[in-house]
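Enquirer: One structure, as structure tokens, below. Some questions next.
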Amino acid sequence: MAPVFGGRKPYCVPMQDSDTTLPRLERFRRKSHLFVLRVQEPDFAQIAAALIAIARRYQLSADPRIPAIEVSIDFTPKTPCDRDRLAMVLVLGRHLLPTAHDVISCKADRERFSWGDKKFDTVSFGTDQERINRDVLPLSIAGDQAPFADATLYLGAQSGPVMWRIMDKVIDRQNRGKGTAIVLPPEERRARIEVQLSGESMDEFSFDEFSKLRTFRFERLSRFFRFELTTFEESAPPKPSEPRAWASKRRWEKFALTGVPGLLAMDEAKRKERERARSALVKAKIPTRDRVRVGKGGKGTFVSYKDLNKAVDTALRHLSERVRRQVKLGTSSPTSC
């Protein structure tokens, strides 16, 4: 059935053998009434038409389910330019706020990056600990490592409910085993952010059945593509040696190395540190100053990156329209099997 399904790299295996424990040819020889189909860049018109053809010939015991999806949004300079494109990659990586998932506490979820054939290097909180003390370690920048501009940045565990990828897309259809790839022309190179959803992240949207794609609004996924601007003191205290100047400089450094997720963790750790110190002073009956009443909301000292978020919302709206058109076309067009 692979040629029938539109999209790139269609891959279909019996469900019980989808864990790839058997040789590939042996898996394809197995019989089953449940199958897993994976398609990159799917053409939903062809998929919908193929499903109708299968149902007519073999009957379907249930509407095909969608256990996982991957949504990507591309950004390209108005004029092809390597410097501007790499700046876009850095902006995406530094300003993404993954509010839907904790990407700090567990090692598997933390920011990491890879390039070429290199393995992952940890970006935030350079430690091999499976779990960290969020009240202490985020205050330091000693173990932080900024990702390279042409590296692929990951957030969230690979097998988790949500994972983000940010990359400089300059090649396509790469086959590492064969050592082949298509080098994109300058006008097609772009900065890309990908979000992969599965498990509990899919459950909340209730479009696990293929037929529901026709009415699903991909704009609902916008919270996985949220970007924030950081705020800093407008001017440093007169003396660079003062604690406020040192703390402000350290926040700049944290943001440059780890982006919004690392800086948000640092701000939260500082807030808890101040609360513990204040509690100790109150307990000792030592006079304290009034609490600072700014920057204590859900996003702390961050404000929405409105222009970037607006571009994301527009892209997701266009995706909804395209998918609806394709599904409608596939279900209304005559087909044969």
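The values are calculated or read from the model by the stated rules, or taken from the named source; none is laboratory data. Computed from a prediction, not measured in an experiment: that's the story for all the values here. Heads up, the Cβs are rebuilt from the backbone with ideal geometry, glycines too, and the neighbour counts pull from every protein chain shown.
Enquirer: Considering only residues that are modelled with pLDDT under 80, more than 29 Å from Val195 (Cα to Cα) and out of contact with any Pro (no Cβ under 6 Å at 6 or more places or on another chain), which ones fall in the range 29-56?
Expert: Across the range 29-56, the qualifying residues are Arg29, Lys31, His33.
Enquirer: Which residues, counting only those in the range 73-83, are surrounded by fewer than 17 Cβ atoms within 10 Å (Cβ to Cβ) and among the hydroxyl-bearing types (Ser, Thr, Tyr)? Step through it out loud before you land on a result.
Expert: Looking only at the range 73-83, we keep the residues that are surrounded by fewer than 17 Cβ atoms within 10 Å (Cβ to Cβ), and these are 74, 78-83.
Scanning the range 73-83 gives a single hit, Thr79.
Enquirer: Something else now. Test of understanding: among Leu197, Leu153, which residue is farther than 22 Å from Cys81 by Cβ and surrounded by 15 or more Cβ atoms within 10 Å (Cβ to Cβ)?
Expert: Numbers: Leu153 fails: farther than 22 Å from Cys81 by Cβ.
Step by step, each of Leu197, Leu153 is checked, and only Leu197 is farther than 22 Å from Cys81 by Cβ and surrounded by 15 or more Cβ atoms within 10 Å (Cβ to Cβ).
Enquirer: I'm trying to understand the selection: among the residues of the range 83-118, which are part of a loop (DSSP other than H, G, I, E, B), aliphatic (A, V, I, L, M) and under 23 Å from Glu253 (Cα atoms)? Full working, then the answer.
Expert: The initial filter retains those residues of the range 83-118 that are part of a loop (DSSP other than H, G, I, E, B), namely 97-105, 110-111, 115-118.
Still in the list and also aliphatic (A, V, I, L, M): 97, 100, 103-104.
Across the range 83-118, the qualifying residues are Leu97, Val103, Ile104.
Enquirer: Now a separate question. What are the residues in the range 256-271 that are surrounded by fewer than 20 Cβ atoms within 10 Å (Cβ to Cβ), within 12 Å of Leu139 (Cα to Cα) and touching a residue at least 60 places away in the same chain (Cβ under 8 Å), if any?
Expert: Across the range 256-271, the qualifying residues are Glu268, Ala269, Lys270.
Enquirer: List the number of the failed condition for Val13; all other conditions in (1) out of contact with any helix residue (DSSP H, G or I) (no Cβ under 6 Å at 6 or more places or on another chain); (2) of a type in the set (Val, Ile, Thr); (3) modelled with pLDDT of 70 or more hold.
Expert: (1)
Enquirer: Of all the residues that make up the range 210-246, how many are at pLDDT 75 or above and charged (D, E, K, R)?
Expert: Qualifying residue count, the range 210-246: 8.
Enquirer: Among (1) modelled with pLDDT of 90 or more; (2) not in a loop (DSSP other than H, G, I, E, B), where does Pro80 come up short?
Expert: Answer for Pro80: the failing condition is (2).
Enquirer: While we're here: Could you tell me which numbered condition Val183 fails, if it satisfies all but one of (1) surrounded by fewer than 14 Cβ atoms within 10 Å (Cβ to Cβ); (2) in contact with a strand residue (DSSP E or B) (Cβ under 6 Å, 6 or more places away or on another chain); (3) farther than 30 Å from Lys328 by Cα; (4) at pLDDT below 85?
Expert: Failed condition: (4).
Enquirer: May I pose another question? For the range 91-106, enumerate the residues that are more than 29 Å from Ser320 (Cβ to Cβ) and buried (at least 16 other Cβ atoms within 10 Å of the Cβ). First the steps, then the outcome.
Expert: Step one: list which residues in the range 91-106 are more than 29 Å from Ser320 (Cβ to Cβ), which gives 104-106.
Result: Ile104, single match.
Enquirer: How many residues are in contact (Cβ under 8 Å) with a residue 40 or more places away in the chain, part of a strand (DSSP E or B) and of a type outside the set (Ser, Thr, Tyr) if we restrict to the range 166-201?
Expert: So the answer is 13.
Enquirer: It is to be established whether one or more residues within the range 48-59 are more than 17 Å from Phe216 (Cβ to Cβ), out of contact with any helix residue (DSSP H, G or I) (no Cβ under 9 Å at 6 or more places or on another chain) and not in a helix (DSSP H, G or I).
Expert: Looking only at the range 48-59, we keep the residues that are more than 17 Å from Phe216 (Cβ to Cβ), and these are 49-50, 52-59.
Subset that is out of contact with any helix residue (DSSP H, G or I) (no Cβ under 9 Å at 6 or more places or on another chain): 53-59.
Now narrow it down to the ones that are not in a helix (DSSP H, G or I): 59.
Within the range 48-59, one or more residues are more than 17 Å from Phe216 (Cβ to Cβ), out of contact with any helix residue (DSSP H, G or I) (no Cβ under 9 Å at 6 or more places or on another chain) and not in a helix (DSSP H, G or I).
Enquirer: Assess whether Thr335 counts as being surrounded by 11 or more Cβ atoms within 10 Å (Cβ to Cβ) and either of a type in the set (D, E, K, R) or modelled with pLDDT under 75 (or both). Show your work before the answer.
Expert: Values: surrounded by 11 or more Cβ atoms within 10 Å (Cβ to Cβ): yes; either of a type in the set (D, E, K, R) or modelled with pLDDT under 75 (or both): yes.
Criteria met by Thr335.
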